[in-house]
Amino acid sequence: MSPPAADRVRRLVESLEGVLGKRWVFHRDEERLAYSYDASLARARPDVVCLPGSTAEVAAAVRAAVREGLPFVARGAGTGIAGGSVPVAGGLVIGLARLNRILEIDLADRYAVVEPGVVNLTLDQALGQQGYCYRPDPSSQKVCTLGGNVANNSGGPHCLAYGVTANHILGVEVVLPDGSVTELGARHVDPLGYDLTGVFVGSEGTMGIATKVVCRIARSAEGVRTMLASYARMEDAAASVSAIIAAGIVPAALEMMDGPIIRAVEEFIGAGYPVDAAAVLLIEVEGLGEGLDGAVRSIESICKARGARQVRVADSEAERQRLWAGRKGALGAVARLKPRYYLHDGVVPRTRLLSVLQAIADAAARHRLTIVNVFHAGDGNLHPLILFDPADADETHRVHVAGEEIMRACVASGGTLSGEHGIGLEKNDMMDWVYSPEDLEAMQRVRSAFDPEGLANPQKVFPARRGCAELRADGHGGRPAGEMWI
Ligand SMILES: Cc1cc2nc3c(=O)[nH]c(=O)nc-3n(C[C@H](O)[C@H](O)[C@H](O)COP(=O)(O)OP(=O)(O)OC[C@H]3O[C@@H](n4cnc5c(N)ncnc54)[C@H](O)[C@@H]3O)c2cc1C
C-alpha cells in the first residue's frame, strides 16, 4: 500500500475505534482474510472491517470511509454467490451481523420490522409460532440475512408461487452513501410517488446500506402436500415441468435435481430419494385443505403421462421435512464429489430447459468437467454446479471457460444472467450481453443519484470498464486478476 493510502487507512481505523470502540474494528491480516470472500470464487481483502451495533454507528462508519475517500462494502452472512460482498477495491467492510434483532411483528397489519442481520429462517420461525410466515426462502435461509436478501432480491424454492424478495418488502431504512439516514417505503402499502423501495431492493449494496427492513408477512397455508416424482430420463422431468404450468397449476415449489445430485444428497443426508433415478421433481402445493388432493391428483397424472416412474406423496410432516432437507442441503452435498463448485444461476424460458440442459452437458464433455444440476425448474432458473479442485489450475481455467459458455447458452435461448443470485463481480462483465450501452448508462445514472462518489460497493453490477467508482491511483484501484479469482 502506498504511504498516502496507508495514512488514510490508519485515520479510518482511528475514527472507527473512536465511534465503535476497538472491540468492533479489525485490521490485522488474519481478520481481513476472514472477510475477503463469500460463496463465489472471488477474493479480495478489505483494509479494515467493522461491526457496528446501531444505525448511527453504520452511518458514522460510512462517513468515516467517505471522508478518507475509501470504498465501503456492506456484508451480511457472506453467502452470496456472485461476489457481492467481496471488497474488490479494498477499503472498509461493514458487517451487519450485530444488527440482528426482530424489532416488531404486527400480525394485524401483516408486517415485521427487522434489523438487516436477522437470519431469514429466524424471522420465519418466529412468525411460524403464530401461524404466519415470511415467504422468500433461499436454500441458504438457515444462514443468510434479510439485508443480503434485500440487496440481492433473493429468491428460493417457494418464489415460484409467491414472488421474490422485492414482492415482500414494504420499506427500508437506509444509510445513504453520504452517511445520511433515510426511509424508503412505509409499514403499509405506499403506492404514491416513485417506488424507491423497488429501486433499492436488488441494488447489491451500491445505493447504501439497509439498516432496517419492513417485511410483508403472510398467513401460513392451511394445508400443504409435497410430492417426489422420479424419472429414468431427464427429458421426461423437463417435459413434466412445462406441462404442469401449461395445465394452469402453479405449485408453491417445483424443483429439479439430476442423478448425480440425487446420489450425493442420499449419501450425505438420506432424504429418501431414489438413487437409480436420472432426475426427480420435488413438487409442493399448498392452500386450502380441500382443493389440495385434486391438485395432487392432477400433477400425478401429468407426471405419469410424461414418463414418471413413480410419484410419491409425503405422508407425514417428518417425511416432508426430509424431502426438503435433501433439496436445501444439495449444494453442501456436492462437497462429497469435489472440493469446490462454480455456480451461475442463468434463467431460461421453461420450454427451453431441455435444450439448455443439453448445452450444459455438451460444455461438460467439451471441457472434461463434471457438471451437476439442482434448480428452480418452475422458474426456469438453472443452477449448474461445475465441480472442480482449485488446486488444479488447468481444471480451474476450464471451469471459467465452461461457465461463460453456459451463460451464453442461457442468453441465446431467450433467457438472462441471473434469477436470484445477483450480478456482483461474477457476471458484471456479461451485462452488455443483455443490455445496450444506453440501458447501462441509464442504470448508471440511477445508481449515481444515490452514490455520486461511487464509493458504495464499487466495481459491482456494471461491466468493469463502466464501474463508476473513480478509484484512487494509490493502491485502491483494481487488483491483479490472479489474486482476485480462484
Ligand atoms: C448453499 C447456498 C444456497 C443458496 N440458495 C439460494 C437460493 O435458493 N436463492 C437465492 O436467491 N440465493 C441463494 N443463495 C445465495 C445467497 O444466500 C443470497 O444471495 C443471500 O441473499 C445473501 O445473503 P447474505 O446475508 O449472505 O449476504 P452477503 O453475501 O453478505 O451479501 C450479498 C450482497 O448484499 C449486500 N448487502 C448485504 N447486507 C446488506 C445491507 N444490509 N444493505 C445493503 N447491502 C447489503 C452485499 O454488499 C452484497 O452485495 C445461496 C447461497 C448458498 C451458499
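Scan segment 291-350 residue by residue and report those that are within 27 Å of the chain's Cα centre (by Cα) and among the hydroxyl-bearing types (S, T, Y).
Selection gives Y341, Y342.
Of all the helices (runs of 4 or more DSSP H) wholly in segment 1-91, which have at least 3 residues that are more than 12 Å from the ligand (Cβ to nearest atom) and within 23 Å of T211 (Cα to Cα)?
3-20, 55-67
Select from segment 426-443 the residues that are in a helix (DSSP H, G or I) and charged (D, E, K, R) and list them in ascending order. Before you say what the answer is, go through the steps one by one.
Of the residues in segment 426-443, the ones in a helix (DSSP H, G or I) are 428-434, 437-443.
Within segment 426-443, D429, D432, E438, D439, E441 qualify.
Residues are listed down the side, and each one gets a yes or a no for (1) touching a helix residue (DSSP H, G or I) at 6+ places or on another chain (Cβ under 7 Å); (2) polar (S, T, N, Q):
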site: L288; (1), (2): no, no
site: A318; (1), (2): no, no
site: A333; (1), (2): yes, no
site: T351; (1), (2): yes, yes
site: F375; (1), (2): no, no
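Check G69, G80, G91 and return the single one that is in contact with a Leu (Cβ under 6 Å, 6 or more places away or on another chain) and closer than 29 Å to S180 by Cβ.
G91
At pLDDT 95 or above and touching a Gly at 6+ places or on another chain (Cβ under 7 Å): which single residue out of G419, G424 fits that description?
Answer to the selection: G424.
Residues are listed down the side, and each one gets a yes or a no for (1) among the hydroxyl-bearing types (S, T, Y); (2) touching a Phe, Trp or Tyr at 6+ places or on another chain (Cβ under 6 Å); (3) buried (at least 24 other Cβ atoms within 10 Å of the Cβ):
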| position | (1), (2), (3) |
| --- | --- |
| Y37 | yes, no, no |
| L41 | no, yes, yes |
| A64 | no, no, yes |
| V73 | no, no, yes |
| A77 | no, no, no |
| D106 | no, no, no |
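Which condition number in (1) of a type outside the set (G, A, S); (2) outside any loop (DSSP other than H, G, I, E, B); (3) outside the structural domain of E420 (by TED's automatic domain parsing) is the one that D315 fails?
Answer for D315: the failing condition is (2).
List the number of the failed condition for V401; all other conditions in (1) touching a His at 6+ places or on another chain (Cβ under 7 Å); (2) touching a residue at least 40 places away in the same chain (Cβ under 8 Å) hold.
Against the list (1) touching a His at 6+ places or on another chain (Cβ under 7 Å); (2) touching a residue at least 40 places away in the same chain (Cβ under 8 Å), V401 comes up short only on (2).
Is there any pair linking a residue in segment 130-150 that is among the charged types (D, E, K, R) to one that is within 6 Å of the ligand (Cβ to nearest atom) and assigned to a loop (DSSP other than H, G, I, E, B), with Cβ under 8 Å and at least six apart or on different chains, and which?
These pairs meet every condition: D137/G156.
Checking R135 against (1) under 24 Å from A325 (Cβ atoms); (2) in a helix (DSSP H, G or I); (3) more than 8 Å from the ligand (Cβ to nearest atom), which test does it fail?
It fails just one condition, (2).
Condition first: surrounded by fewer than 18 Cβ atoms within 10 Å (Cβ to Cβ), in the same structural domain as E235 (by TED's automatic domain parsing), of a type outside the set (K, R) and assigned to a helix (DSSP H, G or I). Can you find one or more residues in segment 272-290 that meet it?
Yes, because at least one residue in segment 272-290 is surrounded by fewer than 18 Cβ atoms within 10 Å (Cβ to Cβ), in the same structural domain as E235 (by TED's automatic domain parsing), of a type outside the set (K, R) and assigned to a helix (DSSP H, G or I).
The values are calculated or read from the model by the stated rules, or taken from the named source; none is laboratory data. Predicted, not measured: the structure shown is a model, and the values here were computed from it. Note that each Cβ is placed from the backbone with ideal geometry, even for glycine, and that neighbours are counted across all protein chains shown.
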